[in-house]
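Below is one structure; the comments refer to it alone.
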Amino acid sequence: MSTARILVVDDEADIRDLVQEILSEEGYAVEVAANAAEARAACARQAPDLVLLDIWMPDTDGISLLREWQQSAGVECYLTVDRAGDGWDANVGVVGSLFKKPGVQVPVNNTIAFVCGPPVMFNTVIAELIKRGLRDDCIISTLERHMKCGIGKCQHCAIGRTLVCNDGPVYTYRQIKTLGEQI
Ligand code: FES
């Protein structure tokens, strides 16, 4: 089986380096890009299996780059905001409302869902993903909101016998269910 390729796009070098180090240790082939131009070049060389894309970047922001890939590379991208400002031309509504849009499908045999946000969003989106047949080990989220010191001292992040800062903060939904965490 070939190694999955991940492209990390972030203008902050510290974040790029950290994410690259973590993912490389997990066995992924990781390429990094500091801006949209480098990301375009990396994708032109070889399409990655996954892109981790920063939104706030100085030249072309992540949303604009996504829209560009939507036009040129056939990437399906559905954007939504709770409240739209001037100039917003994508969906307005909670994340769960995207499931009701025509054409939105979740190909369960080929999907990993990364779900990050407030508990109310998490619960709604997870319920929808499960209803559509996604396995709970293919749903990934973070419990980072429980953390304070981040170094295993304050116990603020304790859920049962688990310290989120040491053992997480990223968990599959299958793991989260075993923690007894009310999310
Ligand atoms: S955040 Fe302090 S112990 Fe985990």
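The values are calculated or read from the model by the stated rules, or taken from the named source; none is laboratory data. Small disclaimer: the values here were computed from a predicted structure and weren't measured. Glycine gets a Cβ as well: all are built from the backbone with ideal geometry, and neighbour counts include every protein chain shown.
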note = Every listed condition ((1) of a type in the set (A, V, I, L, M); (2) assigned to a loop (DSSP other than H, G, I, E, B); (3) touching a Ser or Thr at 6+ places or on another chain (Cβ under 9 Å)) holds for LEU98 save (2)
request  = Give the residue, chosen from ALA47, ALA42, ALA36, that is aliphatic (A, V, I, L, M) and surrounded by fewer than 16 Cβ atoms within 10 Å (Cβ to Cβ).
outcome  = ALA47
query = Can you spot a residue in the stretch 146-154 that is part of a helix (DSSP H, G or I) and exposed (fewer than 13 other Cβ atoms within 10 Å of the Cβ)?
reply = no
ask   = Which members of the stretch 133-145 meet the condition of being more than 10 Å from the ligand (Cβ to nearest atom) and either in a helix (DSSP H, G or I) or among the acidic types (Asp, Glu) (or both)?
value = ASP136, ASP137, CYS138, ARG145
request  = Working only within the stretch 166-183, note down all residues that are surrounded by 14 or more Cβ atoms within 10 Å (Cβ to Cβ) and either more than 26 Å from PHE99 (Cβ to Cβ) or free of Cβ contacts under 8 Å to residues at least 40 places away in the same chain (or both).
outcome  = ASP167, GLY168, PRO169, VAL170, TYR171, THR172, GLN175, ILE176, LEU179, GLU181
inquiry  = If I ask for residues that are touching an Asp or Glu at 6+ places or on another chain (Cβ under 8 Å) and without any contact (Cβ under 8 Å) to a residue 24 or more places away in the chain, which ones from the stretch 141-165 would you list?
reply    = ILE159, VAL164
Residues satisfying the stated conditions in the stretch 142-166, i.e. within 19 Å of the chain's Cα centre (by Cα) and at pLDDT 90 or above = VAL164, CYS165
task = Pairs only if they're at least six apart or on different chains, beta carbon under 6 angstrom, first in the stretch 32-55 and under 15 Å from ARG5 (Cα atoms), second of a type in the set (A, V, I, L, M, F, W, C) and part of a loop (DSSP other than H, G, I, E, B); list them, first residue then second.
result = ASP49/ALA4
request  = Name the single residue, out of those in the stretch 155-176 being part of a helix (DSSP H, G or I) and out of contact with any helix residue (DSSP H, G or I) (no Cβ under 7 Å at 6 or more places or on another chain), that is nearest to the ligand (Cβ to nearest atom).
outcome  = CYS165
remark   = Pairing a residue in the stretch 10-22 that is in contact (Cβ under 8 Å) with a residue 12 or more places away in the chain with any residue that is among the charged types (D, E, K, R) and part of a loop (DSSP other than H, G, I, E, B), where Cβ atoms lie under 7 Å and the two sit 6 or more apart in sequence or on different chains, gives ASP10/ASP54; ASP11/ASP54; ARG16/ASP10
